[in-house]
Amino acid sequence: MEQQQGKQGVMVAKLFPNQDPIKFVQFKFKELEDGFKSWLSKQSLPVEAAVVTATGGAQGAAIGAVMGTLTPDISSSMPTPPPQASLNPQAMASLKQAQALAGGPLIQARNFAVMTGTNAGIACIMKRLRGKEDVQSSMVAAFGSGAMFSLVSGMGGPNLATNAITSGLFFALVQGGLFKLGEKLSKPPVEDLCYARTRSMLNNLGLQNYEKNFKKGLLTDNTLPLLTDSALRDVRIPPGPRLLILDHLRRDPELREKTCKP
């Protein structure tokens with residue numbers, strides 16, 4: 001048994017010489033993914049939209065199935081009114097909505113597949129037509145997915161068209177807000193961009209605590225070639241750190257070249 005395991009280890013070592021097998025698998029997966037995206041970008045719009053919709057739907061179905069498995073199926077325990085029962089339309093719609101949202105793995109897989117597939121397909125079409133991904137395209141895709149989710153899950157009251165439009169608008173507003181929030185979080189503040197080189201210099205010198213002094217004195221990256229001892233003293237940087245900063249600036253070839261230029 002030990003001899004067989006030893007042989008297997010030798011085979012793995014031959015397959016992945018001097019390389020982590022997990023990183024090798026990740027590399028191969030990324031390579032396949034990039035190749036698939038490259039092939040997909042060369043296809044016509046209908047083919048690309050169909051493939052993206054199908055893959056998005058498959059991912060949504062998997063997520064819905066997992067969620068339906070982890071959450072108890074309480075739809076079967078809900079009372080089903082007899083056919084002759086005289087329920088008002090609003091009560092019947094609420095019952096159907098509860099049954100749709102509380103279904104098991106198959107129901108949740110269907111709902112999520114329709115929602116994510118529609119969103120991915122519309123987003124793909126909008127990107128191909130408009131040539132960019134922005135908040136408008138994202139909101140259009142979210143509107144379509146929300147409307148389809150409302151129709152397939154039976155959410156809302158008896159008026160299917162009104163419910164689909166309402167759900168679509170709700171999805172679009174939420175997606176638009178999330179898109180704008182993501183943009184805001186992903187972009188560094190303009191102020192930080194003005195101090196990028198300064199921050200790097202201070203970090204290298206172990207003086208990152210004095211970044212706030214530079215900002216207080218508006219000593220941006222553009223002022224680095226002009227810095228003097230008095231300027232650093234004005235922003236209350238002690239003598240020791242001042243000497244380190246000035247020495248670093250004198251040794252920086254790029255800054256020295258700017259300083260020497262007439």
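The values are calculated or read from the model by the stated rules, or taken from the named source; none is laboratory data. Predicted model only: the values in this text are computed from it and were never measured. Counting neighbours? That spans all protein chains shown, and the Cβs are built from the backbone with ideal geometry, glycine included. When the accessible area is computed, the model is the full protein with side chains, heavy atoms only, and any ligands, DNA or RNA have been set aside. Shrake-Rupley method; radii C 1.70, N 1.55, O 1.52, S 1.80 Å.
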**OP:** Check whether at least one residue in segment 39-58 is in the same structural domain as residue 152 (by the TED database), at pLDDT below 85 and out of contact with any Gly (no Cβ under 7 Å at 6 or more places or on another chain), and report yes or no.
**Re:** yes
Original post:
For segment 179-188, does any single residue satisfy the condition of being in contact (Cβ under 8 Å) with a residue 24 or more places away in the chain and either touching a strand residue (DSSP E or B) at 6+ places or on another chain (Cβ under 8 Å) or surrounded by 15 or more Cβ atoms within 10 Å (Cβ to Cβ) (or both)?
Top reply: yes
Original post:
What is the residue count in segment 179-215 for residues that are of a type in the set (Lys, Arg) and closer than 30 Å to residue 123 by Cα?
Top reply: 3
Subject >> Qualifying position, being at pLDDT 85 or above and more than 25 Å from residue 171 (Cα to Cα), among 87, 32 >> reply: 32
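Here's the yes/no breakdown for (1) of a type in the set (Gly, Ala, Ser); (2) exposed (fewer than 15 other Cβ atoms within 10 Å of the Cβ); (3) at pLDDT 85 or above:
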{"position": "94", "(1), (2), (3)": "yes, no, no"}
{"position": "105", "(1), (2), (3)": "no, no, no"}
{"position": "120", "(1), (2), (3)": "yes, no, yes"}
{"position": "131", "(1), (2), (3)": "yes, yes, yes"}
{"position": "138", "(1), (2), (3)": "yes, no, yes"}
{"position": "142", "(1), (2), (3)": "yes, no, yes"}
{"position": "148", "(1), (2), (3)": "no, no, yes"}
{"position": "151", "(1), (2), (3)": "no, no, yes"}
**OP:** Determine whether residue 67 is at pLDDT below 85, under 30 Å from residue 153 (Cα atoms), of a type outside the set (Val, Ile, Thr) and assigned by the TED database to the domain that holds residue 117.
**Re:** yes
Subject >> Of the criteria (1) modelled with pLDDT of 90 or more; (2) open to solvent by less than 60 Å² (accessible area, probe 1.4 Å); (3) more than 30 Å from residue 123 (Cα to Cα); (4) of a type outside the set (Asp, Glu), which one residue 176 fails >> reply: (3)
